[in-house]
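Scroll down for the structure; my scribbles are underneath it.
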Amino acid sequence: MDLQPFLESFAQLPPKLQQRLATELKIDVAKATPAGAVLIGFSLAQTFGVGETIDYLLGEEHLSVQQMQDELAQGVTPRISTGTACEVLIADMLGCYKNLTRLYRIEEACEAWHVRDILSLPPEKLNDDRLGRALDTIGENPTLMGDILQVLVLKAAERFGIPLKRFYNDTTAIPVWGERQGNDKVQFGHGGLPGLQQLILNLTILAGPSLPVTAVTDPGNVQGGRVFDRTLKAVAKLTQDEFEIIIDRGILTHLNMHLMLSEKRAFFIGPLKEELCRSWVLDALREAGEKAFTPIAYRSKEEARKGQPSHYEALETAYTFKVELNRRRPGEARKKKGERRFIEHTVRAVIYRDNKKEERDAEHRAKNIAKVESELKELQSKLNKRNLCTVEACQGRVQEIFRGLPELRRAYKVTVGTNAHGAVTLTWEKDEEVLQQAALTDGLFVLLTNHPIEAVDANELLTRYRGRNDIEMSYRFLKGALDLNQIFLRKPGRVDAYCYLKVLAMFVLNLAHWFLTKEGQKKMTPQKLQEVLGNTTIVEQRLEPFGIRHFVGTNVTEPIRNLIDLFHLPDPVTIVEAINAAVDYHQVLNQWSQKALRSCC
């Protein structure tokens, strides 16, 4: 602590008061708070128009930091709008990601972050009731949530020249702990963590800056393919030009392909589901022949960096499917013969062969065969002992052996029965032809698209699809750096809103990261930026018995300094200096002296 101003005022006190003050004087140990990170996070959210957009769509008045500062100077306590409340929560997610603040402790945290001094926000107005009402306003209006992201993306695209051409859509499960009574969205889902209920986050991001453009929390037992029409409509509203949407196998259903083909401006790329493609692939291979595969130049970024050769081949063909146009709805009577209407589509299909994966698939199958046969022999040796004395028990054990191995289950005919003496018997036969058929598809996968080959060849098609790493990293970022799994709320609307605000926090951070990358910081990832931001602390000390807070300093790193300069954000160093300079030590000591003299009398 710089004590020079204080010592100058201290020297003017009478000797007796100096002696008395010397016994009472105490300087607390310096304490670091995430106030700097909260300041930068809040300021970035304001710069990108998050709170302003929310308030505009709600019809509320939005106050800037300068306007709130002016009201405080006039003795008026500023009103906290829904948008401002959301920006505070986003600042907490960005600045305190290692230890997110519970809703009922935000007011206390805001006191510790000195938001009145650095952001002109009255902490007493940021109580759990106000924040809860803000979450209710957002979470109970799904249309509003869609509009907020759409406006933010359009503003960013216009302001910073970001093209709206390519999008990635996928879903991820959010495990949920604890009782969630009254929240019907929390369900046990297929493939989820054992014993845990979950929610499904359906997310679409814009290629390049990885900005989220749609985000909806669905029930844990809903697959993304069933709600894709909502995503397609939202993406189509963003641009009047042609666009491309790249999706995962769980979403690329026949119905969704029909929807995309019906949207004349939409192009899609996605993998054919394995359960749909095995027999079709075998037929296509027989028709085209092995020599129809041609090498392509595709390599992953890692393979290109290491100078490794390509190991991919491609086969061009077509995929035909039918979609029922007047599908029967739940509770609707079955249609009579001739009432059902279908439409047939044919799209381009590219069968890829990954030669390295072909070898790995063969090795993996050989290991599974050895494991299955070993376990069947072990089971055979334990028949009629302990809990394996009934046919039902042994059949259950056989199911466990083949669990997750449907390919081998088709190849092995296992018979569990009893002999003339009533003892349980086990025999099995291996169908080599089934295994040989399975080996024909080793290393193969299929991409479907409506891109003409003249515009996007097989090599470019695979390159674009593998760009899905953007959305995989976004989900990893949400679950990691923004800790999407930390949901401390119970009301369905508030849970949805809190998940949505984390997506808005990702929007803010990814856009900031995109700018830093453009400025030459190529090695900076969103996760690294999150870490650097979270370490932007402000250190304070207290001078007793006066209760004076003196800010020692702040650690503003180069990336944060670049953001401050790029977007003209408030500088924590300048704010700290201004707050310290505002302390009148002469007045403080005079007040203490008068109080001390009165106590002596």
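The values are calculated or read from the model by the stated rules, or taken from the named source; none is laboratory data. What you are looking at is a predicted structure, and each value in this text was computed from that prediction instead of being measured. Glycine gets a Cβ as well: all are built from the backbone with ideal geometry, and neighbour counts include every protein chain shown. Note: areas computed on protein heavy atoms with side chains; ligands, DNA, RNA excluded. Shrake-Rupley method; radii C 1.70, N 1.55, O 1.52, S 1.80 Å.
Miscellaneous remarks
- Each peptide in 496-506, 335-345 was scored by the mean count of other Cβ atoms within 10 Å over its residues; highest first, the order is 496-506, 335-345.
- Contact order for region 283-428, expressed relative to its length and based on alpha carbon pairs under 8 Å spaced 6+ residues apart, stands at 16 percent.
- Accessible-area composition of the chain, carbon plus sulfur, in percent [1.4 Å probe]: 49
- For the chain, the relative contact order is 20 percent, taking Cα pairs closer than 8 Å that sit 6 or more residues apart in sequence and dividing their mean separation by the residue count.
- Packing-based ranking, highest mean first, of 130-136, 382-388 given that Cβ atoms within 10 Å are counted: 130-136, 382-388
- Shape metrics for region 68-131, restricted to C-alpha atoms - Rg then Dmax, Å: 11.4, 37
- Once the Kirkwood radius over Cα pairs is known for region 255-296, the Stokes-Einstein relation at 20 °C and 1.002 mPa s delivers a diffusion coefficient of 168 µm²/s.
- Accessible solvent surface per residue of region 302-461, calculated while the other protein chains remain in place, 1.4 angstrom probe, Å²: 64
- By the rule of a C-alpha distance below 18 Å, with chain neighbours fewer than 8 residues away ignored, the lysines paired with Lys367 are Lys356, Lys357, Lys377, Lys430.
- Pairs of C-alpha atoms in region 351-414 farther apart than 15 Å represent 58 percent of all such pairs.
- Debye log10 I(q)/I(0) for the chain, one point scatterer per Cα, at q = 0.10 Å⁻¹: -1.01
- At 1.306 mPa s and 10 °C, Stokes diffusion of region 411-455 via Kirkwood alpha-carbon radius, µm² per second: 107
- By the helix-only formula, in which each DSSP H run with n ≥ 4 contributes -39500 (n - 2.57) and the sum is divided by residues, the chain has a 222 nm mean residue ellipticity of -14500 deg cm²/dmol.
- Counting only Cα atoms, region 225-333 measures 56, 37, 21 Å along its principal axes, largest extent leading.
- Above-threshold pairs, the threshold being 28 Å between Cα atoms, out of Lys264/Lys322; Lys125/Lys233; Lys322/Lys502; Lys301/Lys528; Lys233/Lys502: Lys125/Lys233; Lys322/Lys502
- Close amide H contacts of Ala349 (hydrogens built in the peptide plane, cut-off under 5 Å, sequence separation of 5 or more or a different chain): Thr317, Ala318, Tyr319.
- Heavy atoms of His364 accessible to a 1.4 Å probe, total area in Å² rounded to 10: 110
- Partner aspartates and glutamates whose Cα lies under 19 Å from the Cα of Lys371, excluding those fewer than 8 positions away in the same chain, are identified as Glu359, Asp361, Glu363, Glu400, Glu407, Glu429, Asp431, Glu432.
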